[in-house]
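Inspection log for the structure reproduced underneath, given as structure tokens.
The values are calculated or read from the model by the stated rules, or taken from the named source; none is laboratory data. What you see is a predicted model; the values in this text were computed from it and never measured. Here the Cβ positions follow ideal geometry from the backbone for every residue, glycine too, while neighbour counts run over all protein chains shown.
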Amino acid sequence: MVDEVKLYGSTGDSPYVCRVDIALNLKGVKYDVIKEDLKNKSDDLLKYNPIHKEVPVFVHNGKPICDSLVIVEYIDQVWEGYPILPVDPYDKAVARFWAKFIDGTCIPATFKVFGNVGDEQVLAEAYEKLQILENELKVKGTKYFGGDNINIVDIAADYIAYWLGMIEDTTEIKIVTKDKFPKITEWAENFINCQVVKEVLPPKFEVPKEELLAYFKQRFGKA
Ligand SMILES: N[C@@H](CCC(=O)N[C@@H](CS)C(=O)NCC(=O)O)C(=O)O
């Protein structure tokens, strides 16, 4: 039987959707992309992800899976070839820990900076979380979080490598500087230049500064 593989993404390219693109590219899986307009979600998206109503949704032979990192793990288990998670149970648990830390702690901390411009405490919190990643890269001393090759931790951090810089450029609020976070900067450069990543990264976006800041303020600003 030929696998039917569909990825519901969005017209505004998302780092969460891109995680799935990277995983599929690593495994060499062919798939169809359905681009959702998030302001006018399709019935299929609402049916497949009724809880969060978000992309990405991955549909494999008619069965939907939601949440980018869950999808990445699923892809790793279903398709052989490139190991996206370590095979050793301990190493796998450690990789999951870091992917979760990046997803649930580091990324939201940076969102808050753009939603609370000028708030020194919010900025200090983002620095504190990113410093943990900086230290981890320093201790590992490898090209990627995954070692010589990317793994789920690098994929989880795609937003930090690519989208964060675009948001910083647009808003003129710089969080990750080479001086403050040399290891993250070096890692980001390596990551976006990794062939399998480069092939699926969306083009740079252009959103007016005011629109972008208003979005972050509304979603992540302190009440
Ligand atoms: N935890 C989710 C987050 C996905 C997410 O935030 N998706 C955004 C696009 S970047 C979305 O679909 N938002 C729905 C909306 O804007 O209504 C994941 O990792 O897949």
Subject >> Check on Ser10, at pLDDT 95 or above and within 15 Å of the chain's Cα centre (by Cα) >> reply: no
Subject >> Val20 being under 16 Å from Asp3 (Cβ atoms), modelled with pLDDT of 95 or more and within 12 Å of the ligand (Cβ to nearest atom) >> reply: yes
Original post:
Quick one: would you say Glu36 is over 14 Å from the mean Cα position of the chain (by Cα) and crowded, with 18+ Cβ neighbours inside 10 Å?
Top reply: yes
Original post:
Going through the stretch 3-15 one residue at a time, which ones are out of contact with any Phe, Trp or Tyr (no Cβ under 8 Å at 6 or more places or on another chain) and buried (at least 17 other Cβ atoms within 10 Å of the Cβ)?
Top reply: Gly9, Ser10, Ser14
Subject >> The listed residue being aromatic (Phe, Trp, Tyr) and either surrounded by fewer than 19 Cβ atoms within 10 Å (Cβ to Cβ) or touching a Lys or Arg at 6+ places or on another chain (Cβ under 8 Å) (or both), out of Phe191, Phe181, Phe205, Phe145 >> reply: Phe205
